[in-house]
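As structure tokens, the structure follows; a few thoughts come after it.
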Amino acid sequence: MSIGAHAPGWEWYYIGLYFFFGGVSAGAYFIGSLAEFFGGARHRGISRTAFYIAFPTLLVTPPLLIGDLGQPLRFWHLLFDARSGFPYVNFSSPMSVGSWALVLYGAMTLLSFLDNLVSEGKIDSAPFARLYSRFPRKLYAAVGSAAGFFIAGYTGVLLNVTARPLWALTDPLVGALFTVSAGSTGAAAIFLVMTWRRVHPAAELEEFERFDRIVKVLEIALAIGIVIAAGKYAGVLFRGPYAVMFWGGAIFLGTMVPLTANWYAHLAGRHARSEAVAVLMACLVLFGGLLLRISLVQAGQL
């Protein structure tokens, strides 16, 4: 990716969606890894659900990334040296580093996904199926969560390394916001799938909701920090469609409304609140996470 004063010409339906699905995948996997490390069997419902989400959502991202390159058939140049054909990491290229991180993260999410299927007896013909129950799942959860954590923030760093004022002046806040948002959208996706699968013990959800409150407060703080850091260049976020998307969609509907509902249920002692309301709040979080990325990607190119 070139670094310059010209807008990179990213389309929301490629890059915005790539950032969104990558964030959901990384956020879910990171939460699942935390549950695997510290919850064990008690939080296995969260970890397994997270690992079921991470791999399929990640599969959406390569076509989006390749489609935005302009010359999709040259995508392999991000991973291999064009002259020798050997694997190569170009550390001066965020796209090359990010592509290799995607490969590593993808391998770990696949292992976790297959481990779920084998552990639950849904398949018995996976490669080395007998080894999954003995393979240290925490090892690839650790490697995968580290790579996923990088992926979640790296999407924001891709913006910060350009010379576009809205992005350059907010370094490293955009990367931090995308990382925190990944946790929020990943948590929402986990909740929706757990509800669909009817796997939602109250003890797990109480800690889950506490984590969700923390990340939403951080999201609001980082969004305000970005506006302050950008100064006059944040003006594009206060007018037109991007104001509606950023403040109305991402911050209000996607963050403040679900946070208020979460706090109300917590303070009222009603952790088992209406399932319909909880599902709606999770959907708003995902919708807000998508609008957050689209608004910052598009507004920064004006």
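Conditions tested, residue by residue: (1) in contact (Cβ under 8 Å) with a residue 24 or more places away in the chain; (2) touching a Lys or Arg at 6+ places or on another chain (Cβ under 9 Å).
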| position | (1), (2) |
| --- | --- |
| Leu169 | yes, no |
| Phe178 | yes, yes |
| Thr185 | yes, no |
| Ile214 | no, no |
| Ala223 | yes, no |
(message) When you scan the stretch 187-195, do you find a residue that is open to solvent by 10 Å² or more (accessible area, probe 1.4 Å), modelled with pLDDT under 85 and not aromatic (Phe, Trp, Tyr), even just one?
(response) no
(message) I want to confirm something. Restricting to the stretch 52-77 and keeping residues that are open to solvent by 30 Å² or more (accessible area, probe 1.4 Å), in a helix (DSSP H, G or I) and among the aliphatic types (A, V, I, L, M), which single residue is modelled with the lowest pLDDT?
(response) Leu73
(request) Report, by residue number, each residue of the stretch 167-186 that is closer than 17 Å to Gln298 by Cα and either surrounded by 24 or more Cβ atoms within 10 Å (Cβ to Cβ) or modelled with pLDDT of 95 or more (or both). (result) Trp167, Thr170, Val174, Leu177, Phe178
(request) Could you please find all residues in the stretch 240-294 being of a type in the set (Val, Ile, Thr) and either in contact (Cβ under 8 Å) with a residue 12 or more places away in the chain or under 15 Å from Ala187 (Cβ atoms) (or both)? (result) Ile251, Thr255, Val257, Val277, Val279, Val285, Ile294
(message) Which count do you get for residues in the stretch 100-138 that are within 18 Å of Thr49 (Cα to Cα), among the small types (Gly, Ala, Ser) and open to solvent by 70 Å² or more (accessible area, probe 1.4 Å)?
(response) 1
(message) Can you go through Trp196, Trp263, Trp247 and tell me which one is under 23 Å from Tyr29 (Cβ atoms) and part of a helix (DSSP H, G or I)?
(response) Trp196
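The values are calculated or read from the model by the stated rules, or taken from the named source; none is laboratory data. Since the model is a prediction, treat every value here as computed from it, not as a measurement. Because the Cβ atoms are built from the backbone with ideal geometry, glycine has one as well, and the counts that use them run over all protein chains shown. The area values use the complete protein model at the heavy-atom level, side chains included, leaving out ligands, DNA and RNA. Shrake-Rupley method; radii C 1.70, N 1.55, O 1.52, S 1.80 Å.
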